[in-house]
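The values are calculated or read from the model by the stated rules, or taken from the named source; none is laboratory data. Bear in mind that the values here come from a model prediction, so they are computed numbers and not experimental data. In this analysis, Cβ positions are derived from the backbone assuming ideal geometry, glycine residues included, and neighbour counts consider all displayed protein chains. Only protein heavy atoms, including side chains, enter the accessible area calculation; ligands, DNA and RNA are left aside. Shrake-Rupley method; radii C 1.70, N 1.55, O 1.52, S 1.80 Å.
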Amino acid sequence: MLLEKYEQEVIETARQMLRCGLVTATWGNVSVRPGTEEILVITPSGMDYAGLGHADMVALDFSGRVLKGERKPSSEYRLHCKIYRERPDVLAIVHTHSVFASAFAAARTPIPVITEELAQINGGPVKVADYHLPGTPELAQSCTRALGSRSAVLLANHGLVGTAPTLAEALKVCQIVEKTAQITLYAKGLGAFQELSAKDTARIRDYYLKAYGQRGGGP
Ligand SMILES: [Zn+2]
């Protein structure tokens, strides 16, 4: 399989993640699943995203075996492999350590559905996965369990994982979760916030999937 197109997408998404301020230096990671084969293309471990090239990308099978590339894969490759194994609908994953989402992760508090955008992209609150050391199979397990069938999940005392059918959408998931986390804290500063009801959240999510999901856009 020709992986260059997918490598380029991963490189561009990693750079965008840096530009958007969702990560600093080498933290966070990005992967894509090209097609139906059990293969993923992932960012390498510990490299500055600004200088990434095709030769730095790593292709793995779902057991974490390197199929292509000279670099070590991201230290969170187990988490990526586990999500792809359990969620055939997920074709792209973006993992960030953005500030406001990380504040909720540190407090081990789910991000409530207080924006229609979060209802659209996640269909419910962003849950927090139990704490495990980074890079471990236990973290991959707790992350997948807390993610369930949703798009985003917080890793306790660590960061955020966004999943989607495309990299552009996975990056958008991370941006919307980060923005909602920020708004939640500001709204708390004003006294309180009103969470959308489960019924309205489900309707908004349903409408989004039907009307906009295919285009990866939004109203
Ligand atoms: Zn991380």
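If a residue must be surrounded by fewer than 18 Cβ atoms within 10 Å (Cβ to Cβ) and touching a residue at least 40 places away in the same chain (Cβ under 8 Å), how many such residues does the stretch 1-11 contain?
So the count comes out to 2.
So is residue 118 touching a helix residue (DSSP H, G or I) at 6+ places or on another chain (Cβ under 6 Å) and not aromatic (Phe, Trp, Tyr) or not?
So residue 118 fits the description; yes.
Please work out which one of (1) at pLDDT below 95; (2) hydroxyl-bearing (Ser, Thr, Tyr); (3) open to solvent by 20 Å² or more (accessible area, probe 1.4 Å) is the condition residue 197 fails and give its number.
(1)
Kindly evaluate residue 201 against the criterion of being assigned to a helix (DSSP H, G or I), touching a strand residue (DSSP E or B) at 6+ places or on another chain (Cβ under 7 Å) and closer than 20 Å to residue 109 by Cβ.
Spelling it out, it is not the case that residue 201 is assigned to a helix (DSSP H, G or I), touching a strand residue (DSSP E or B) at 6+ places or on another chain (Cβ under 7 Å) and closer than 20 Å to residue 109 by Cβ.
Residue 209 versus (1) crowded, with 16+ Cβ neighbours inside 10 Å; (2) outside any loop (DSSP other than H, G, I, E, B); (3) away from the ligand (no atom under 15 Å from the Cβ): which is the lone unmet condition?
Failing condition for residue 209: (1).
Quick one: in the stretch 12-43, of everything that is farther than 18 Å from residue 66 by Cβ, among the polar types (S, T, N, Q) and at pLDDT 85 or above, which residue is most open to solvent (accessible area, probe 1.4 Å)?
For the stretch 12-43, the residue satisfying everything is 16.
Among the residues of the stretch 144-185, which ones are open to solvent by 20 Å² or more (accessible area, probe 1.4 Å), of a type in the set (S, T, N, Q) and away from the ligand (no atom under 16 Å from the Cβ)?
149, 166, 175, 182
Looking for something open to solvent by less than 30 Å² (accessible area, probe 1.4 Å), under 26 Å from residue 196 (Cα atoms) and either among the hydroxyl-bearing types (Ser, Thr, Tyr) or out of contact with any strand residue (DSSP E or B) (no Cβ under 9 Å at 6 or more places or on another chain) (or both) - is there at least one such residue anywhere in the stretch 79-89?
no
Pairs, please: C-beta under 6 Å, at least 6 apart or cross-chain, first residue among the acidic types (Asp, Glu) and in the stretch 30-42, second assigned to a strand (DSSP E or B) and surrounded by fewer than 24 Cβ atoms within 10 Å (Cβ to Cβ)?
38/61
Mind listing just one residue for me: the one in the stretch 21-41 that is assigned to a strand (DSSP E or B) and under 18 Å from residue 173 (Cα atoms) and, of those, farthest from the ligand (Cβ to nearest atom)?
For the stretch 21-41, the residue satisfying everything is 32.
Working carefully through the options 50, 59, find the one that is in contact with a Lys or Arg (Cβ under 7 Å, 6 or more places away or on another chain) and open to solvent by 50 Å² or more (accessible area, probe 1.4 Å).
Details: 59 fails: open to solvent by 50 Å² or more (accessible area, probe 1.4 Å).
When all the criteria are applied, what remains is 50.
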